[in-house]
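Undergrad: This is the structure I have questions about; it appears just below.
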Amino acid sequence: MSLDSREVGLNRIPVADRPPVQIPFFAFRIMVGVRSADASPWRGSAPAWVASGRLRTAALVFCGRPSVSFPLGFIATLTGWFTAEVGRQPWTVFGQLRPWTQQRRFWTTPQVATTLVIFAAVYALIFLFGAVYIYRLLRRGPTALPPYAKAATNPKRPLSIAGDSPGVSSARYLPEPENDHLLTCALGSRCCCM
Amino acid sequence: MTLDGFDLGVGILFPLAPDETARRHMLAAISPVWDGNETWLVIAASILFGAFPLVYATLLSAFYLPLIVMLAALILRGVAFEFRYKSGRLRILWDIGFAGGSIVAGFVQGTAVGALVEGLAIQNGQYVGGAMGWLSPFALLLAASGFASATHCSAPAG
């Protein structure tokens with residue numbers, strides 16, 4: 001270990017080996033900014049409002065906003081990914097493999113463009129409907145689930161607990177006396193009041 | 001394909017179900033196993049990548065388009081499996097996704113096996129067959145027989 005080694009900046013790297021800078025620059029700042037907004041002081045102060053009896057304010061801080069702010073975590077994940085993937089260019093495997101030399105004989109531009117369109121279409125469909133579904137769940141707020149037989153749910157599939165799902169129908173819910181009366185939010189942690 | 005055939009077959013037969021109750025029975029029948037079956041696909045790809053990189057490289061070059069289409073179909077299938085129960089008016093959309101994803105996945109797996117049996121165009125250890133080299137009458141025939149066996153495997157469930 002040495003205390004006086006040189007910190008190599010981007011300007012010491014040959015121009016041909018530099019990544020496009022704009023995308024990682026903004027993606028990284030969006031990622032950090034999203035996280036900072038999420039942990040902002042006004043949100044952190046909610047427990048104090050609870051303590052001072054201002055439950056309504058605390059409820060708004062914790063429950064009012066997630067219905068619109070829930071995609072932030074996803075945005076942070078994506079922009080972090082952009083930062084890593086674009087920042088690594090122009091290497092596919094650093095020091096070993098350039099993106100333009102790999103498999104050029106097979107992966108023609110039309111092929112890659114086709115698969116890009118396929119992925120874009122599938123993800124657009126899934127995330128559009130997923131976002132609408134989460135938004136509706138958050139707007140509806142937590143509801144008391146009918147009691148269900150634990151054996152009838154599947155821990156690998158979180159969606160199976162939020163109501164009907166393959167193999168988990170309301171017909172298999174337990175009878176009323178065994179009801180725990182847990183007030184359970186379908187999405188769990190974030191909305192826990194109201 | 002052998003392992004996944006049962007629940008792919010259920011997906012292919014899915015549009016033939018007479019009513020919602022039958023559809024729910026079909027999905028309940030495969031719900032404990034279908035995601036496990038698809039895990040084999042991931043394991044097979046990982047083993048090829050780790051142990052037989054040459055095979056992995058050749059297969060991905062030869063089947064690049066069909067494999068990506070199959071991945072998209074499997075994504076659509078898995079999502080539709082969960083989403084159809086949460087949707088109201090648009091449930092038909094997810095049913096189409098589930099059946100369509102199963103059909104496409106079965107088709108790609110069948111043609112891939114057919115193309116492998118027939119042999120891939122390889123020179124100097126590299127695939128030279130082009131983007132559509134996997135498509136041949138024999139491969140299509142095998143895909144059709146794959147459909148037949150998949151639906152046969154799952155017929156009791158339907």
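Undergrad: Tell me, rounded to the nearest percent, the portion of alpha carbon pairs in chain B spaced more than 25 Å apart.
TA: Working: 4083 of 12403 pairs.
Considering chain B, 33 percent of its Cα-Cα pairs are separated by more than 25 Å.
Undergrad: Same structure again: D for the range B:86-150, whole µm²/s, Stokes-Einstein with Kirkwood Rh over alpha-carbon pairs at 4 °C and 1.567 mPa s: what number?
TA: Numbers: Rh = 13.5 Å.
Estimated diffusion coefficient is 96 µm²/s.
Undergrad: Still on this model: Under 10 Å, Cα contacts only: if you run a Gaussian network model on chain B, which one of B:19, B:35, B:95 comes out with the highest mean-square fluctuation?
TA: B:19
Undergrad: While we're looking at this one, here's another question. Helix B:34-51 against the longest principal axis of chain B: what's the angle in degrees, Cα atoms only, rounded to the nearest 10?
TA: Roughly 10 degrees, rounded to the nearest 10.
Undergrad: Starting from the 7 Å offset along Cα-to-Cβ, what nm value, one decimal, do you get for the label separation of residue B:144 and residue A:16?
TA: Once both label points are built, they end up 5.4 nm from each other.
Undergrad: As a test of reading the structure, rank B:59, B:71 by solvent-accessible area (1.4 Å probe, protein chains only), most first. Show your work: numbers first, answer last.
TA: On the way: B:59 40, B:71 75 Å².
Descending order: B:71, B:59.
Undergrad: Count charges around residue A:89 for me, please; just the other residues with Cβ under 12 Å from its Cβ, Lys/Arg as +1, Asp/Glu as -1.
TA: +1
Undergrad: As a test of the definition: with a 1.4 Å probe, what buried accessible area, both sides summed, do you compute for B against A, in Å² to the nearest 100? Kindly include the intermediate steps, with their values, before the conclusion.
TA: Working: alone 8880 and 14580 Å², together 20830 Å².
Rounded to the nearest hundred, the buried surface is 2600 Å².
Undergrad: What Rg and what Dmax come out for the range B:1-54 when only alpha-carbon atoms are used, in angstroms?
TA: According to the Cα coordinates of the range B:1-54, Rg and Dmax are 14.8, 48 Å.
The values are calculated or read from the model by the stated rules, or taken from the named source; none is laboratory data. Note that this is a predicted model, so its numbers are computed, not measured. Backbone-built Cβ (ideal geometry, glycine too); neighbour counts: all protein chains shown. Note: accessible area is taken over every heavy atom of the protein model, side chains too, but ligands, DNA and RNA are not part of it. Shrake-Rupley method; radii C 1.70, N 1.55, O 1.52, S 1.80 Å.
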